[in-house]
Structure formats: structure tokens, C-alpha cells
């Protein structure tokens, strides 16, 4: 039996990425990052993929708006789901 995957609360993501709570919230509301589940008290939990996604967002922000990044991710997700 394997251990359950590690899930991260917003505070842990803040600590590892140095992003503010508001930035993480904004990314979530825009659909740039997605929680995989919630605790009983409603806290969002994210899997390890969130760190790669945040790195990609931060790199793309140099030349793109958040809306443009969302459109890029949406197109990538649509292409992946058809593959």
C-alpha cells in the first residue's frame, strides 16, 4: 500500500513560492491553478503539480497578461484532452 499523495494548503504554497495569499487566490479564481480537493473546513488543497504551474505562470508573466496566460493554458488543456 502506498502513501497518499502530499497535498498543500495555501500557506504552504506561500512559504515555498514566496507568493502572497492574494496572488494564489487570484490564480485560483482565474483558473490558472486548481485545487484538487478541500478540507472539511473548506481550505483548498493543491497537489505537487501546482509548483510547476506557478513557475510557468511567473515566467510567462514577463511577456503576457494573466488573461493571455489563461487562454494559453485553456488551449493546451483542450489539446491535451483531445489527444
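No lab work stands behind these numbers, since they all come straight from the coordinates. On a predicted model such as this, the values are computed, not experimentally measured, just so you know. So basically every Cβ, Gly included, is an ideal-geometry build from the backbone, and we count neighbours across all protein chains shown.
Most tightly packed first, judged by the mean number of other beta-carbon atoms within 10 Å of their residues, the peptides 1-8, 67-74 read 67-74, 1-8. Secondary-structure-derived ellipticity at 222 nm for the chain, considering helices only, amounts to -17500 deg cm²/dmol, per-run term -39500 (n - 2.57) for DSSP H runs with n ≥ 4. For region 10-82, averaging the sequence separation of C-alpha pairs within contact (under 8 Å, six or more residues apart) and dividing by the residue count gives a relative contact order of 23 percent. From zero outward in steps of 5 Å, how is the percent of C-alpha pairs of the chain spread across the bins? The calculated distribution, bin by bin, is 3, 13, 23, 24, 18, 11, 6, 1, 0. The long axis of helix 21-30 is offset from the longest Cα principal axis of the chain by roughly 60 degrees.
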